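Everything on this sheet refers to the single structure shown next.
The values are calculated or read from the model by the stated rules, or taken from the named source; none is laboratory data. Computed from a prediction, not measured in an experiment: that's the story for all the values here. Heads up, the Cβs are rebuilt from the backbone with ideal geometry, glycines too, and the neighbour counts pull from every protein chain shown. Heavy atoms of the whole protein, side chains included, go into the accessibility calculation; ligands, DNA and RNA do not. Shrake-Rupley method; radii C 1.70, N 1.55, O 1.52, S 1.80 Å.
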Amino acid sequence: MIDRIWSGKSPLFLLLLPLAWLYGLISNLIRFSYKAGLKKSWRAPVPVVVVGNLTAGGNGKTPVVIWLVETLQQHGFRVGVVSRGYGGKAESYPLLLSEETSTAQAGDEPVLISQRTGAPVAVSPVRSDAVKALLASHELDVIITDDGLQHYALARDVEIVVIDGIRRFGNGHWLPAGPMRERRSRLRSVDAVITNGGTAHSGELAMILQPGKAINLLTGEQRDPASLQNVVAMAGIGHPPRFFATLKQLDVNVQKEVAFSDHQPYTLDKLSGVAQSGQVLLMTEKDAVKCRSFAQPNWWYLPVDAKIEGVLAEKLLQKISDLILKKIR
């Protein structure tokens, strides 16, 4: 239902417009208070790069963060990552992630980023506290913040917005009548717009999610996804249809699709009946980080990597590199 409302296919959004106008008013007042100096933003001693979005729901932001971290690491830079830690609840904040940190404590995305990149990661509702914790324990050249475009209490040097190239901005209204956290005009003030799938518009960086081999959660065995038979596809991400569409493109033999809400906590009891005997449960990597401690022999996941190339991508990376080198010097 909410997808139909936000896409403009249902007139029910009219009932939610008063709430949307209130949301927009509050959002604009918050941003104005920081721009006018009524509220102060904390500035880190190293460059801060925000990777965020204008809309609610999954846009492919985490793969972009991983791509950015890994690319900067390949250039020899020391990169740290901060996040709000949605879906997790730590005993205290800020929380510095370790190999023992669970998704119940830190949230699924920070744990995934930590495992994939090896970069130091910290989570806190107050992003500046997470940055301070990272800098107190690591020598870093740059901080990447996973989400937080609207978290103006943390000053930033570069803003990157990720949009869904298929859904784009839906009906264009603020939450809850539409998917917008901020108006589309906000794009004029950001440094880069990365379009995940669909057709990138002029000035946007085109991105595709490139799937790898399917990996068994218990053994680490890797297989061509199309070689898996009797597959039950499972996704608990912001936009599950994207994962299911990927499997279809890979000619995976999917018998059933199961969608969970984003940041959904899992238990063995919750998932034990999803795939029956003789079936394979194939999930996203974001789901897999929450299931490793109780994974079954027939559970697999499909990692994806963001592929972002071209002149605009090179200019973005050069801008970040120049900022880092300026600070170092």
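Report the local net charge at Phe294: Lys and Arg +1, Asp and Glu -1, summed over other residues whose C-beta lies under 11 Å from its C-beta. The partial results should precede the final answer.
Values: positive: Lys270, Lys290, Arg292; negative: Asp269.
Value of the local net charge: +2.
Using the Cβ-Cβ distance between Val126 and Ser98 with R0 set to 22 Å, the FRET efficiency works out to roughly 0.60.
Residue separation of Ile166 and Ser33 scaled by 0.36 nm, minus their Cα-Cα distance, works out to 44.5 nm of gained length.
Per residue, the average separation of C-alpha pairs within less than 8 Å and at least 6 apart gives the chain a relative contact order of 21 percent. Per residue, region 35-121 exposes an accessible area of 43 Å² to a 1.4 Å probe, with every protein chain left in place.
What's the longest uninterrupted piece of the chain once you rule out the GluC sites (Glu not before Pro) that are loop residues per DSSP with at most 11 other Cβ within 10 Å?
Values: sites that count: Glu91, Glu99, Glu100, Glu139, Glu221, Glu309.
The answer is 1-90.
For region 184-263, chymotrypsin sites (Phe, Trp or Tyr not before Pro) are listed when DSSP marks them as loop and at most 14 other Cβ atoms sit within 10 Å of their Cβ; the list is empty.
Can you show me the helix-derived [θ] at 222 nm for the chain, built from DSSP H runs with n ≥ 4 at -39,500 (n - 2.57) apiece and divided by the number of residues, rounded to the nearest 500. Walk me through the intermediate numbers first.
Values: 10 runs with 104 residues, N = 329.
Roughly -9500 deg cm²/dmol at 222 nm, from the helical runs in the chain.
For Arg329 and Leu19, compute 0.36 nm times the residue count separating them, minus their Cα-Cα distance, and round to one decimal in nm.
Value of the extension gain: 106.7 nm.
With the cut-off at 26 Å, tell me which of the pairs Lys213/Lys248; Lys132/Lys319; Lys213/Lys286; Lys290/Lys327 have Cα atoms farther apart than that. The answer is Lys290/Lys327. Between Pro265, Pro120, Pro18, the residue with the greatest mean-square fluctuation in the GNM of the chain (Cα pairs under 10 Å linked by springs) is Pro18.
Could you pull out every whole DSSP H run in the chain that spans at least 15 Å of Cα extent along its own axis and averages -0.5 or higher on the Kyte-Doolittle scale?
Working: long enough: 13-35 (32 Å, 1.21); 61-74 (20 Å, 0.46); 127-137 (16 Å, 0.34); 311-328 (25 Å, 0.64).
Once both thresholds are applied, what remains is 13-35, 61-74, 127-137, 311-328.
Averaging sequence separations of C-alpha pairs under 8 Å and six or more residues apart, then dividing by the length of region 151-212, give the relative contact order as a whole percent. Relative contact order for region 151-212 comes out at 32 percent. Electrostatic bookkeeping for Lys9 treats Lys and Arg as +1 and Asp and Glu as -1; over the other residues with beta carbon under 15 Å from its beta carbon, the sum is +2.
How many percent of the accessible area of region 136-217 is carbon or sulfur, using a 1.4 Å probe?
Values: 1570 of 3080 Å².
With neighbouring chains kept in place, the figure for region 136-217 is 51 percent.
Normalised by the number of residues in region 258-329, the mean separation of alpha-carbon contacts (under 8 Å, six or more apart) gives a relative contact order of 26 percent.
Would you mind counting up the charge near Leu268? Only other residues with Cβ under 13 Å from its Cβ, with Lys and Arg at +1 and Asp and Glu at -1.
Numbers: positive: Lys270, Lys290, Arg292; negative: Asp269.
Cβ neighbours under 13 Å give a net charge of +2.
A viscosity of 1.002 mPa s and a temperature of 20 °C, combined with the Kirkwood radius over Cα pairs in Stokes-Einstein, give a translational diffusion coefficient for region 251-329 of 133 µm²/s.
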